[in-house]
Amino acid sequence: MGLIPADGEAPVHPIEDDLIDEAATTAGRTLSGVQKKLLAFRADDGFWPAVEVTDPATHIAKFNREDLPTIVQNEHLSLSLARELLGEDDVTRAQLATLHNIDGIALLVERFDRQGEERLRLEDFAQILNKPRGRTFEGKYDGSYEEAAEIVTRYSARGRVDLDRFFRLVVFNLVLGNADAHLKNFSLLERAEGLRLSPAYDLINTLAYPVYDRITALSIGGRKREFDTIDRRIVEQFGLDIGLPRAAVERALAALGKGLATARTLAFGDRVRPDDFRETYRNVIQGHAQRIFT
C-alpha cells in the first residue's frame, strides 16, 4: 500500500506535481487535450498567479479550452450542485473569477490541503493502491469503487461516517454523468482526528460532451458499466456490498433524490434555450436520476 503513516510527512508527490503530470490526458478515456491549470492566490485586489516561491498558492485556477469552451462552467455547476446535495463541508469551494495578467474566465478552486501556511497530508486512492503514474495516468482507471470503499473503511478515522459519505459521492457522480471519477479523484486528508475522506473535487458532467466515453471510470458490481444501464438496483447493491446497512442505503438515496428535485443549481428557467449547454447538462442528469432514484 502507498498510504503514508499517521505521523508521517506530506506525500512526496503534491498537487503541484499532479497539475503537470495530468495535463497529458488520454484520448477516449478522458477529454483528450490539455486544460490549462495554474496555482493562484487571492489578494485584496483579486486573484493572482502564484509565480514566486513565497506566493501562498492557496487556489488552483482552471481555464476553458478552445474545443471545450464550457468546461469551466460545467465544473462550476457540478460543484455547486454537489454542495446542495452532499453538503457545503463535503465539497471543495470554488468560484468563477479572472486572474490578473491572464485572459479569460477561470474556475478558482480553493485548496483544502492548505491550512494557513501549513500543507496538510493528502493522498489520493491511486497513490494508496500504488497504481502506476506515467504520463497518461492509466493506472487511475484500474480498480473498482468497491476497492476504493475498502480504503475508506480501513484507513479513515471515522470509517462508518466516511463510508456513507463515499457512497453518496459515488452515487452523485453516477447521476451527474461523470465518466472520469477515477482513483485520483478520491483522497484521504489529514484532520485533527486523523485521516478522513477529503471533500469532493474534480466533478464534471462529462456525458454532456458527445465525444466522451459513456462508461464508468471504475468498475461497479464487477465491471465497468454504460451509464444508461445503471439503475437503482445496481446502486443499492453497491451500497450493500461495501458494507452499508440497507437502511443507510435507502436513506442516502432518498436524501439525494429529494435534494436533486429541489436543486437551485438546475433551476435555469427561461434563461436556457434548447441549444444551450445547460439544457444538455440538465437533461443528462435528469435521465440518470430517473433510473437511479425511482
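Each reported figure results from applying straightforward, stated rules to the coordinates on display, with no laboratory input. What you are looking at is a predicted structure, and each value in this text was computed from that prediction instead of being measured. Here the Cβ is made from the backbone with ideal geometry for all residues, glycine too, and neighbour counts use every protein chain on show.
Hey, which of these cross-link pairs are over 23 Å Cα-Cα: Lys36/Lys184; Lys36/Lys140; Lys62/Lys224; Lys37/Lys140?
With Cα atoms farther than 23 Å apart: Lys62/Lys224.
Can you give the FRET efficiency to the nearest 0.05 for Glu52 and Asp231, using r as the Cβ-Cβ distance and R₀ = 45 Å?
Details: r = 52 Å, r/R0 = 1.15.
E(calc), rounded to 0.05, equals 0.30.
Along Cα→Cβ, 7 Å out, is where each label goes; now give me the distance between the ones at Asp45 and Thr153 in nm to one decimal.
In this crude spin-label approximation the distance works out to 5.5 nm.
Taking springs between alpha-carbon atoms closer than 10 angstrom, which of Arg154, Arg196, Arg282 fluctuates most in the Gaussian network model of the chain?
Among Arg154, Arg196, Arg282, the largest mean-square fluctuation in the Gaussian network model of the chain belongs to Arg154.
Rounded to the nearest 500, what is the chain's calculated 222 nm mean residue ellipticity when only DSSP H runs of at least 4 contribute -39500 (n - 2.57) each, over all residues?
On the way: 8 runs with 98 residues, N = 294.
Taken over the chain, the calculation gives -10500 deg cm²/dmol.
Using mean Cβ contacts within 10 Å as the protection proxy, how do 101-111, 203-213, 246-256 order, highest first?
Values: 101-111: 16.9, 203-213: 20.5, 246-256: 14.9.
In decreasing order of mean packing, 101-111, 203-213, 246-256 become 203-213, 101-111, 246-256.
Could you calculate the contour length gain from Asp275 to Thr98, that is, 0.36 nm times the residue separation minus the distance between their Cα atoms, to one decimal place in nm?
Values: separation 177, 0.36 × 177 = 63.72 nm, distance 2.65 nm.
My answer for the length gained is 61.1 nm.
Once fully extended, how much extra length lies between Asp89 and Ala261, figured as 0.36 nm per residue of separation less the alpha-carbon to alpha-carbon distance? Don't skip to the answer; put the middle values down first.
Details: separation 172, 0.36 × 172 = 61.92 nm, distance 2.08 nm.
Full extension from Asp89 to Ala261 adds 59.8 nm.
Collect residues whose amide H, placed 1.01 Å from N in the peptide plane, falls under 5 Å from the amide H of Val91; neighbours closer than 5 in sequence don't count.
Excluding prolines and chain starts, which carry no amide H, the hits are Ala200.
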